[in-house]
Amino acid sequence: MKHVLLVLCLLLSTNALADSTGALDVGLGVFNSGKQSLSETKMASYTEQTSISDAFRLRATGGFWVDVTQGKSSSGFAAGQLGYEVNSKGTVLGAFTGPALITNTDVLLGGHFQFMDEFHLGLQDEGKSYIGVFYRHLSSAGLEMPNIGRDLVGIELRF
């Protein structure tokens, strides 16, 4: 329950800022521990993003994944990230990093405190609608074991 409250607080705090956009992300897990195929982990999340300068952005993300290779294990997650995003003639490129919390540990992620790194590339129209792809990596940076990490790729839609 405390993780759900954290996600809500992060999302509401960034949504209260004037220049925020929301994004819906759906994705698949990739190559975790070298044994998985693209279809074995599924992920969905919601992100609120706001500008803090011309290119620097603050993001709050909450979501979940389900991993069928782990006996249908699942986990919720919440992350706050700082990053850099550029938009050149409608092509958007971004890189973000920051702390994250997960609700359930597993054989890939030991410990509830993690770091989430993300890279995305997409297209944005004049009305600020966006479609793109992302790569997301979660790991504890060696603070907790196991620290194999979880890699996700997906599609992001902003509105």
### Query
Taking K and R as +1 and D and E as -1, what net charge do the other residues with C-beta under 13 Å from the C-beta of F96 add up to?
-3
### Computed E for D54/I155 - FRET, C-beta separation, R0 30 angstrom, nearest 0.05
0.70
#### Entry: Spin-label pair V133/K89, simplified geometry with 7 Å Cα→Cβ offset, distance in nm
2.1 nm
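We did not get these values from a lab; they are worked out from the coordinates using the rules stated. No experiment lies behind these values; they were computed from the predicted model shown. Methodologically, a virtual Cβ is constructed for each residue, glycine included, from the backbone with ideal geometry; neighbour enumeration extends over all protein chains shown.
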